[in-house]
Ligand SMILES: CC1(C)CO[C@@H](CC(=O)O)CN1
């Protein structure tokens, strides 16, 4: 019996303490995609794609041992799927030694955009730097050329700020101060006031964001004379939850007052055109219903809004499997011309590895996460979305397509003082 199975490895963060446990929704999403691609008779010419996976807990060391076990236990794998920036860094740095491509569905660290260190890495999850051209675009739109930066001292934010500084320099935007903190933002926020910062880009995880917001309230760095840019992937009511548990000294009311009017940027992970049919034949809303059904069967109380981690990123995992199937399909067609197939791949066969690389590199299809295509460094090319918190609700203000430099603006922004806050103290000459 001809063995017509193609095997790939999967490393999913499921049950850890720290980091991102997005495998909880991303693994079921990947399994949905496997069923869908294997049901297509026009893909992989009769071969079946099989996924062998294990839990990394978002820990690089455990991720490395999962990878080792996947590689040193039969059957031989053709490629690795992975999540979490820390795990992807470890896996992608090593995978080249086995001539394996690595497809990351949950890694946002800008440090991964590095072909020298990660020659076989591709990611359907956009880099955190995808926010920066959008931030610049908004500053130009509202005439802000004097900004400040407040960041948590974490690798992902440090490298994002370096990229933002480069964009600011190129666009003639002055950074009056860059404040960073480890976990207590008190001094950093006080320094912002000293430097008369008015337009501030904030880069930190959500727990630090609550601490920052309470300090902002105390130092009165909010209201009609200030504009804050926060990250858009915190949960919607992030600024009024967990206050007791995290020892936040502000009340929910004070947090809401300080948060009013702030802007957020985030990468789009669900195709915006909800009734646009994607390569799988589904719209992104069809995908949502099927994912919810799969998660209910896995025991999550979706109807009670008990979503697993990684729900937001699930389309990225679904589309990652499609990208693999389409690339393998393209590679099979090429190999067949020389009487070969992917069954001829071995960990020392760089020739076939290069064919797979070429196939993934030229990916371009409409997935449930939108157009799936990669930059020369393997980064996901993605749209970003801009929102504003108005009356305690996030309102969509627009979308930005960096590649086309096209800002779709909905003219829904509202300012506490009724007009766009200036980026500096405006001296009004006495008449
Ligand atoms: C948007 C977010 C939450 C950013 O972190 C990613 C995880 C990581 O980069 O380790 C998952 N998606």
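Considering only residues in segment 53-65 that are away from the ligand (no atom under 16 Å from the Cβ) and within 25 Å of residue 294 (Cα to Cα), the one that is surrounded by the fewest Cβ atoms within 10 Å (Cβ to Cβ) turns out to be 54.
Evaluation of residue 235 against the conditions (1) within 16 Å of the ligand (Cβ to nearest atom); (2) at pLDDT 95 or above; (3) assigned to a loop (DSSP other than H, G, I, E, B) shows that the sole unmet condition is (2). Is it the case that residue 216 is within 22 Å of the chain's Cα centre (by Cα) and either within 20 Å of residue 259 (Cα to Cα) or surrounded by 23 or more Cβ atoms within 10 Å (Cβ to Cβ) (or both)? When the stated conditions are applied, residue 216 does not pass them.
What about residue 352, is it touching a helix residue (DSSP H, G or I) at 6+ places or on another chain (Cβ under 7 Å), modelled with pLDDT of 95 or more and either farther than 24 Å from residue 50 by Cβ or surrounded by fewer than 21 Cβ atoms within 10 Å (Cβ to Cβ) (or both)? The answer is yes for residue 352. Residue 44 passes every criterion in (1) more than 16 Å from the ligand (Cβ to nearest atom); (2) under 19 Å from residue 363 (Cβ atoms); (3) touching a strand residue (DSSP E or B) at 6+ places or on another chain (Cβ under 9 Å); (4) modelled with pLDDT of 95 or more apart from (4).
Just one of the numbered conditions (1) part of a strand (DSSP E or B); (2) more than 16 Å from the ligand (Cβ to nearest atom); (3) within 25 Å of residue 157 (Cα to Cα) is not true of residue 50: (3).
If we keep just the residues of segment 301-331 that are crowded, with 24+ Cβ neighbours inside 10 Å and not in a helix (DSSP H, G or I), which is nearest to the ligand (Cβ to nearest atom)? Out of the qualifying residues, it is 313.
Results for (1) in contact (Cβ under 8 Å) with a residue 12 or more places away in the chain; (2) under 27 Å from residue 275 (Cβ atoms), shown as yes or no for each residue.
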site	(1), (2)
331	yes, no
354	no, no
368	yes, yes
372	yes, yes
392	yes, no
400	yes, yes
414	yes, no
425	yes, no
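For segment 337-431, the strands (runs of 3 or more DSSP E) that sit wholly inside it and include 3 or more residues that are in contact with a strand residue (DSSP E or B) (Cβ under 8 Å, 6 or more places away or on another chain) are 384-390, 393-401, 406-409. Reported count of residues in segment 253-274, each being more than 16 Å from the ligand (Cβ to nearest atom) and either in contact with a strand residue (DSSP E or B) (Cβ under 6 Å, 6 or more places away or on another chain) or farther than 25 Å from residue 421 by Cα (or both), is 7.
The values are calculated or read from the model by the stated rules, or taken from the named source; none is laboratory data. Please read these numbers as outputs of a predicted model, since none were measured by experiment. Methodologically, a virtual Cβ is constructed for each residue, glycine included, from the backbone with ideal geometry; neighbour enumeration extends over all protein chains shown.
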